[in-house]
């Protein structure tokens, strides 16, 4: 009968997608992590450490074998009760194994007379135990403990309590709390690694690794849902639960979004936003005279999704690492490149099929050449304290809404403005700018706004940023290759295989446009150096 049970257990283990060795690793890893987590709750984990001390590989195999038997018995009972059950999973086996270990730690706390198989009284038991401890070596003690533990495992003793079971399971409240504290960008990095790197684009493998490396059941569920959609080999979307969070976080870090640019969905990749270019006007008239008619004029802002792309190279050692700092570094690099691409497109995009039209190149936007201004405002491009007031007045004279007025310039411009003084030597704007405002409105610094090293000239933007529209079609798409090739911005070709690199390709389909051209002013040829 025992041989039959062993064959049955072996067949069950073989049918599982996770092998015995990996189950051992999962159980051992869970115990290791449990030690750290118990410290936070006031439990030093000594019971668990004592329970596992001296357990051999054979003991662990017996644990898994008994766990499979217990899981199959429970499944049989559920099936007999008419409940539909699927294939045996690794989670069921791990849970049963955790209960067996619980029973061991519980039984270690029994009274001596309960633990003594020969029914000796307390004095005799204490005396024998003392003699045994004195006579036995440490190795002998471990062997006895291992043998007793194996008898306990094989007997299938029911646990008196489930003190440690939750440490092995991914769906506990503490695990969920820990997952919620993980930043969205780190979740993005982990999703990419599980799906593209460890899972090799197989959602089922990715589901397993999400549980194994990160104990993340939410991400595992997303991968499981993806497997039902049968993604093609052309690439995979990061699960939507992370996609939404990451895109919002990425947008919030861009200069244009921080100043008030609005995001709208491009469901089909195209969108027409109507706008009124001129309105009706009420006029005075006299008795018996015809009422003059006026008619509003309309236009539209058309957004058509364009591809924003980046390849982020990393060393394989960094990408294969599951440490938090490695995930954070990878995600920060990926998001930073995409955010810079969005900002540049909004400010300087040339338009056409492949780029959005940025503010600087949008027809109708007020363009001011600082070198051609009167000396009251700029002397050969060097701005005076009156110039910012002039720019604001010029824009507001066009009846622009003031809901999200703000400035964008680079670090050289920021330093120049902070150093403007009165005739008595007092700084005019420094205190206000130290608080993040300039002339009563917020400003943001972007060093993608260039400063010409030859002429010492730079540029600045001012306007109602709520009239800058970001159209997003599908969010973020990634694909990671471990053996591809790519060319960097300097024209150098890299081979992942030869250089032991990985390349993560990130794609977003967005467009950016100005809803009201009257809302912005673009100033260039500002002398700062």
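Each reported figure results from applying straightforward, stated rules to the coordinates on display, with no laboratory input. Since the structure is predicted, the reported quantities are computational estimates derived from the model, not experimental observations. Backbone-built Cβ (ideal geometry, glycine too); neighbour counts: all protein chains shown.
Between region 491-529 and region 418-439, what's the alpha-carbon centroid distance in Å? Cα centroid of region 491-529 versus Cα centroid of region 418-439: 32 Å apart. Across region 420-447, the residues whose backbone nitrogen lies under 20 Å from the label position 7 Å along the beta-carbon direction of residue 380 are 420-421.
With the highest mean first, a sort of the peptides 481-493, 366-378 on other beta-carbon atoms found within 10 angstrom per residue produces 366-378, 481-493. The slack in the chain from residue 320 to residue 402, taken as 0.36 nm per residue of separation less the alpha-carbon distance, amounts to 24.6 nm. Given region 281-440 reduced to its alpha-carbon atoms as identical point scatterers, what log10 I(q)/I(0) does the Debye formula return at q = 0.09, 0.21 Å⁻¹? Values, matching the q order: -0.58, -1.40. Using the Kirkwood radius over C-alpha pairs as Rh, can you work out the diffusion coefficient of region 326-399 via Stokes-Einstein at 10 °C, viscosity 1.306 mPa s, in µm² per second? Calculated translational D: 104 µm²/s. The packing ranking, built from the mean of other Cβ atoms within 10 Å per residue, places the peptides 459-469, 401-411 in the order 459-469, 401-411, highest first.
Packing order of peptides 328-337, 511-520, highest average first: 511-520, 328-337 (average count of other Cβ atoms within 10 Å over each peptide's residues). Summarising the overall dimensions of region 427-484 from its C-alpha atoms, the Rg and Dmax are 18.7, 57 angstrom. With the Kirkwood sum run over all distinct C-alpha pairs, region 398-529 has a hydrodynamic radius of 18.5 Å.
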